[in-house]
Each structure stands twice: as structure tokens, then as C-alpha cells.
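The values are calculated or read from the model by the stated rules, or taken from the named source; none is laboratory data. Just so it is clear, the model here is predicted, and its values are computed rather than measured. Reconstructed Cβ throughout: ideal geometry from the backbone, glycine too, with neighbour counts over all protein chains shown. With ligands, DNA and RNA removed, areas are computed over all heavy atoms of the protein, side chains included. Shrake-Rupley method; radii C 1.70, N 1.55, O 1.52, S 1.80 Å.
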Number of protein chains: 2
Amino acid sequence: MKMNEGIEWAIHCCSLLAHLPDKAALSVGALSEFFDIPQTYLAKNLQLLSRAKIVSSAKGPGGGYRLARNARNISLLDIVQAIDGRDPCFRCTEIRQRGPSALPPSRYRKPCGIARTMLKAEQAWRDELRKVSILEIKELGITETNPSQTRKAEEWLISVLRSPLSKGSSGTIYTLQK
Amino acid sequence: MKMNEGIEWAIHCCSLLAHLPDKAALSVGALSEFFDIPQTYLAKNLQLLSRAKIVSSAKGPGGGYRLARNARNISLLDIVQAIDGRDPCFRCTEIRQRGPSALPPSRYRKPCGIARTMLKAEQAWRDELRKVSILEIKELGITETNPSQTRKAEEWLISVLRSPLSKGSSGTIYTLQK
DNA sequence: TTAATTTCGGATATCTATTGACCGTTATTA
DNA sequence: TAATAACGGTCAATAGATATCCGAAATTAA
């Protein structure tokens with residue numbers, strides 16, 4: 001059982017987008033360069049975030065992606081479900097309805113106890129993910145990241161956002177830290 | 001993200017084995033017939049349970065599988081990990097160490113905050129699974145299963161265990177309910 | 001209006017993990 | 001000795017994850 005790698009990318013991207021000043025956006029190209037990950041596949045995952053209304057997108061020059069709402073209101077569960085869907089990991093195949101001791105399907109009212117137990121465990125997992133917001137992830141990153149990396153990231157971001165075609169960047173001085 | 005189907009099979013098998021009287025065993029063939037699942041792949045999964053010391057095996061006529069210890073002391077987590085291994089679903093690929101703002105590897109002491117958060121959620125999932133024993137799963141099955149199915153299953157089991165080659169079955173009358 | 005940029009959606013290819021079958025070996029029983 | 005049954009390895013088929021490409025639509029700037 002292995003989790004979609006796009007989930008890791010999506011969380012990192014959202015955390016980075018949470019650093020941007022209002023109205024500013026980053027293109028797929030910029031994001032894939034910042035994280036050094038495959039551009040086309042990242043594009044697919046960002047589209048999923050867009051459909052889930054976690055990020056909003058703008059086409060054309062200076063366009064790109066930004067968070068669709070406050071980072072405080074985006075949970076890790078939102079992102080995981082946007083990328084991976086809402087199907088549970090455990091899928092009950094109704095084994096109990098097969099084999100020599102099976103009964104007609106109408107006789108099975110309650111869902112299988114094994115399935116209920118497995119799904120309850122997944123619920124505990126989701127509950128944990130729901131508790132954590134992108135804002136917290138962002139702040140965790142700031143406090144734990146080497147200051148020199150923060151500076152490097154800041155400089156890179158500023159250079160990208162100041163490029164001729166990006167909106168909301170004319171002369172804006174800002175810091176990654178707030 | 002989809003869970004190994006063998007896990008569902010393994011839990012059902014262990015729950016059934018928990019019904020057997022002492023010393024009795026069921027072969028792969030019997031188990032695959034009871035649940036109507038592919039014999040060869042089930043065999044693979046039972047071997048994994050055997051290596052994990054969740055079931056014990058006996059070769060030769062009358063051999064097969066039985067629980068290696070009391071059903072109370074086998075948790076769903078034991079089974080999940082036996083079949084699926086112990087690797088976490090979420091694998092951190094250290095994205096933060098890539099791209100234009102990366103630093104030399106030695107500068108990253110603590111593990112990535114995103115990874116820690118994701119792994120903590122998985123821990124909550126495992127904690128839930130650890131709480132549930134095969135004994136509870138078995139009892140859940142008994143109380144929730146249609147009495148007529150219980151009877152059918154019982155009859156099937158008795159017929160299999162009374163077959164000439166099975167051990168510990170000579171004249172033993174027992175019930176699935178206890 | 002035109003050219004450049006950028007997301008969107010579909011189609012498709014590639015890689016990897018899961019699912020499943022097969023076979024020779026070994027241990028056990030009758 | 002013959003039959004049973006787990007064991008371990010290899011291999012094939014399928015499904016899922018990863019990745020690329022392309023045409024279309026929208027937006028911006030010149």
C-alpha cells in the first residue's frame with residue numbers, strides 16, 4: 001500500500017503558495033522548477049487541486065495558481081482527497097457472500113464487521129489529517145527550516161514574482177516569513 | 001491508494017481458524033473453497049501469515065493452517081503488517097532538498113515536517129487496528145451473522161474436519177459458537 | 001488583431017505493484 | 001511407497017501510478 005506521490009508534491013506546493021502575497025500566483029513551470037519535479041505530471045495534480053477548489057487558477061501571461069482560500073481553512077485531508085479521491089483504502093469484496101455457506105444477498109443487511117472495523121481505522125487517520133491546516137504546515141516549515149534556505153527560497157520567489165509578466169508584484173517588497 | 005486484497009482474505013481466514021477446536025487445521029484448498037477465492041494467491045498470503053508466526057502450518061496429510069496463538073493475542077495490525085509489510089503509506093522523497101533553494105544534505109537534521117505529520121496520521125490508523133483482536137472479529141461475526149449461515153458454515157466445517165485425513169477431529173462434536 | 005503565455009482535458013505511453021498460476025522440493029502421514 | 005500439503009521460486013496477466021503529448025480555450029501585452 002503506497003500513497004500517491006502527487007500528494008507530497010501537492011502539500012509542498014500549497015505550503016509554498018501560502019507564502020505568496022495577495023493576488024500573486026505561480027505557474028506550473030515555476031512550481032516544478034522550485035521543487036525539481038516533473039512538470040507535466042505536476043500539472044495534472046494541480047488541476048485536481050483546482051477542481052477541488054483548493055487552489056484557483058488564472059490562464060494567460062502572469063497567470064498560474066494561488067490558494068483559493070485562507071491557508072487556515074485548507075486541511076491536509078482536503079488535499080489528500082483532492083489528489084487521491086475519496087474511496088477508502090480497504091474495499092470490502094463481500095467475501096462472506098461467497099462460498100458454500102453463503103446465503104442470498106438479501107439476507108445480508110448490515111455491512112461486514114471486518115469492513116466496518118477497517119473503515120473505522122481509516123476514519124481515525126482522516127481525523128488526524130483534518131486537524132492539520134496548510135497554515136500550520138507552512139509555519140512548521142518556517143521554524144524548522146534553516147534560515148539560509150529560507151533566504152534562498154525568498155530570493156528565488158521574489159525574482160520569479162518580479163518577472164515582467166506576473167501580476168500583483170509591481171514593486172511589492174515582502175518576506176516569506178509573514 | 002488501495003489496500004492489498006489479501007488483507008481482507010487473511011482476516012477472514014484467521015477469523016474462521018479461530019473457530020476450530022484445538023489441534024485442528026484447515027488446508028489452503030479448504031480455505032479457498034470456503035471463501036471461494038483463488039487458491040494459489042491465497043497460499044501466498046497464508047505463507048506470509050506463517051512467516052509472521054500468526055498461523056502455524058503442518059505439512060502432509062491432515063496438515064494445514066491453524067492459529068499460532070490465542071485469537072485474543074492476534075490484532076488486525078499484526079495481520080495487516082504481515083501481508084503488507086511495515087513500510088508507511090507515505091514516503092517522503094525529501095522534496096525540500098531539491099530545486100534552486102536546496103542546501104547540502106548535511107544541513108537537514110530533522111525529518112521534514114510534512115512527513116512527520118503524515119506519519120503521525122498513519123500511527124493513529126495503526127493504533128486503531130492494534131486495538132482489535134481476531135477474537136473480537138470472530139465474536140462480531142457470530143452475533144451479526146444470520147443464524148442459518150452460521151449453521152451452514154458449521155456443517156461445512158464439520159464435514160471437512162471429519163474427513164479421514166484431518167487430525168484432532170475423531171468424533172469431536174463442537175460448535176462454531178464457542 | 002496578433003503573438004505569447006498559461007491552464008484545461010483527453011489520449012496515450014511507460015513503469016511498477018498487485019494478482020494469479022505453475023512447478024519442483026520438502027515434510028508428513030498412512 | 002504413495003498421497004497429501006506447505007514451501008519457495010519463477011513467470012504471466014492485470015491494474016494502478018507515473019509521465020508525456022497535443023489541441024483547445026482563455027488571458028495578456030504589444
State the percentage of accessible surface on chain A attributable to carbon and sulfur atoms; use a 1.4 Å probe and exclude ligands, DNA and RNA. 51 percent
Taking the 0 to 90 degree range and rounding to the nearest ten, how far is the long axis of helix A:39-51 tilted relative to the main principal axis of chain A, both from C-alpha atoms? 70 degrees
Between 0 and 90 degrees, rounded to the nearest ten: what's the tilt of helix B:147-161 against the longest Cα principal axis of chain B? 80 degrees
Inter-probe distance in nm under a simple model that places probes 7 Å from Cα toward Cβ, at residue A:162 and residue B:92: 3.3 nm
For q = 0.20, 0.25, 0.30 Å⁻¹, what log10 I(q)/I(0) does the stretch B:35-87 give under the Debye formula with an equal point scatterer on each alpha carbon and no solvent? -0.76, -1.07, -1.23
Debye sum, Cα scatterers, the stretch B:1-71, no solvent: what log₁₀ I/I(0) at q = 0.11, 0.19 1/Å? -0.23, -0.69
Per-residue mean of other chain beta-carbon atoms within 10 angstrom of the beta-carbon, peptide B:85-97? 4
Can you list the residues of the stretch B:116-162 that have at least 50 square angstrom less accessible area with all protein chains present than in their chain by itself, probe 1.4 Å? B:117, B:118, B:121, B:125, B:128, B:144, B:146, B:149, B:152
Give me the extension gain from residue A:58 to residue A:110: residue separation times 0.36 nm, minus the current Cα-Cα distance, reported in nm with one decimal. 14.0 nm
Keeping all protein chains in place, calculate the accessible area per residue for the stretch B:48-120 (probe 1.4 angstrom), answer in Å². 53 Å²
If I histogram all Cα-Cα distances within the protein assembly as shown using bins 20 Å wide from 0, what percent of pairs lands in each bin? 27, 40, 25, 9, 0
Among residues of the stretch B:1-42, a drop of 30 Å² or more in 1.4 Å probe accessible area, assembly relative to the chain on its own, occurs for B:1, B:2, B:3, B:8, B:11, B:12, B:34, B:35, B:36
Nearest 20 debye, what's the magnitude of the dipole of the protein assembly as shown about its Cα centre given +1 on Lys and Arg Cβ and -1 on Asp and Glu Cβ? 260 debye
Where nothing but the Cβ of Lys and Arg (+1) and of Asp and Glu (-1) is charged, how large is the charge dipole of the stretch B:24-129 around its Cα centre, in debye to the nearest 20? 680 debye
Between the Cα axis of helix B:5-17 and the main Cα principal axis of chain B, the angle (0 to 90°, nearest 10) is 40 degrees
Charge dipole of the stretch A:23-123 about the Cα centre (unit charges at C-beta), most positive-ward option of A:117, A:61, A:41: A:117
I need the shape label for chain A. Rule: rounded when a/c is under 1.5, else prolate if a/b > b/c, else oblate, with a, b, c from the alpha carbon gyration tensor. prolate
